[in-house]
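Here's the structure we're looking at; comments come further down.
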Amino acid sequence: MTEKVENIAEIRIFLRELKKHSSYDFCDYSDSSIMRRVSKILNDNKIDMDQLITRIRTDSEFVENVVQDITVNTTEFFRDPWMWKELYKNYLPSLKNKKIINIWHAGCSSGQEVYSNLILLNELGLLDKSRVVATDINNEMLKIARTGVYNAKYNKTFDDNIRDVLECGEMSADVSVEKYFDISEDDGTIRIKSFLRKIPVFKYHDLVNGDIDSIKFDIIFCRNVLIYFNTSLQTRILQKFHKKLVNRGMLILGNHEGVNGFYRAKFSKDGPVYIKNSAYTFQF
Ligand SMILES: C[S@@+](CC[C@H](N)C(=O)[O-])C[C@H]1O[C@@H](n2cnc3c(N)ncnc32)[C@H](O)[C@@H]1O
């Protein structure tokens, strides 16, 4: 049996039931992405839509598994190296006069993006004053992020990407991956060194309906997350980010994401970075 969900009405019923029987609200995720993920859930579990909805109503452990399966967790160290080179050369150094640098990685998955950023902050001598919070709704990914242990086979690009990015900086002379990773040939793992692992606080947070710390951030990373949301939810999340950034704070989105519509005027695009316009003050 190959189940392919093409009926949007069925999807809506499923999403409403999921919302009713859990804290999760995927109603404003993009239809195409949800349809693909739900088709996969049906096939992996060998059930049809009616059975899926029945299990959602009765089995809370199953609900958690469904949520893990709906989220797309693809990530890598220094994903899109050009963006990290820009940050390293042109944007992160501008924070050097700050006493404390507050950073939020929203939708951090298993943490590779977070550790990539910490490596650059360390190279720039900014690590000690960085306060980093990294959030996601997928608890399994957060567990991996906290351990900082990765399968080398699935993180093949880490070595090339790190060299590629760091070699563009001024302090490029002796970049070695061993500075940041313990590499075990025996079990095929790479482990982030503890001086980096102890910096970020990884915690559960749902962008759709959760509250984050009361502090304001100098940088918010939210890469390859908005792409899974519909336009209305994207706008709500951009509003949240705008409110949570300091004036001239930086918002960093994925390659295929942008600030559109109402919020376009509230940010200035500068290279890969959206900078919060200080000219505007808003009451939300
Ligand atoms: C494709 S990954 C992106 C990871 C990383 N930012 C990167 O670009 O490599 C998207 C992440 O967003 C998370 N996510 C999806 N919906 C979310 C929500 N409502 N709140 C917080 N995180 C969410 C997923 O669990 C997933 O880990």
key: In segment 112-163, trypsin sites (Lys or Arg not before Pro) in a DSSP loop with at most 16 other beta-carbon atoms within 10 Å   = LYS156
Stretch in the chain that is longest and holds no GluC sites (Glu not before Pro) that DSSP places in a loop and that have at most 15 other beta carbons within 10 Å = 7-166
ask   = Applying the Karplus parametrisation 6.51 cos²θ - 1.76 cosθ + 1.60 with θ = phi - 60° to the phi angles of segment 192-204, what ³J(HN,Hα) value in whole Hz is obtained for each residue in order, glycine and proline being reported as x?
value = 5, 4, 5, 5, 8, 4, 7, 6, x, 9, 8, 8, 5
inquiry  = I need the phi-derived Karplus couplings for segment 16-30: 6.51 cos²θ - 1.76 cosθ + 1.60, θ = phi - 60°, integer Hz, Gly and Pro marked x.
reply    = 5, 5, 4, 5, 5, 9, 7, 8, 8, 10, 9, 4, 9, 7, 5
Of all DSSP beta bridges in the chain, antiparallel share, percent nearest 5 = 45
task = Along Cα→Cβ, 7 Å out, is where each label goes; now give me the distance between the ones at ILE215 and LYS193 in nm to one decimal.
result = 2.4
request  = For TRP82 paired with SER94, estimate the spin-label separation in nm (one decimal), with each label point 7 Å from Cα along the Cα-to-Cβ line.
outcome  = 2.0
ask   = List the trypsin sites (Lys or Arg not before Pro) in segment 4-65 that DSSP assigns to loop (not H, G, I, E or B) and whose Cβ has at most 14 other Cβ atoms within 10 Å. Which are they?
value = LYS4, LYS46
query = What does a probe at GLU167 reach in segment 173-192, counting residues whose amide N is under 14 Å from the point 7 Å along Cα→Cβ?
reply = 173-177
task = Send over the semi-axes of the chain's equivalent ellipsoid, whole angstrom and largest first, taken as the square roots of 5 times the C-alpha gyration tensor eigenvalues.
result = 34, 25, 16
Cα centroid separation, segment 25-64 to segment 113-140 (Å) = 33
ask   = Once fully extended, how much extra length lies between GLN51 and ARG131, figured as 0.36 nm per residue of separation less the alpha-carbon to alpha-carbon distance?
value = 24.3 nm
remark   = Among trypsin sites (Lys or Arg not before Pro) in segment 172-270, those in a DSSP loop whose Cβ has at most 13 other Cβ atoms within 10 Å are LYS198
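So how strong a dipole does segment 8-70 carry about its Cα centre when Lys and Arg Cβ are +1 and Asp and Glu Cβ are -1, to the nearest 20 debye?
80
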request  = Indicate the gyration tensor shape class of segment 8-70 (rounded, prolate or oblate), computed on the Cα atoms with a ≥ b ≥ c the square roots of the eigenvalues: a/c under 1.5 is rounded; otherwise a/b larger than b/c is prolate and the rest oblate.
outcome  = rounded
remark   = Simple SL model, points at 7 angstrom along Cα→Cβ for GLU178 and SER30; separation in nm is 4.4
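Just so you know, all these numbers are worked out from the coordinates, no wet-lab data involved. Everything quoted here is computed from the prediction, not taken from an experiment. Glycine also receives a Cβ, built like all others from the backbone with ideal geometry; neighbour counts cover every protein chain displayed.
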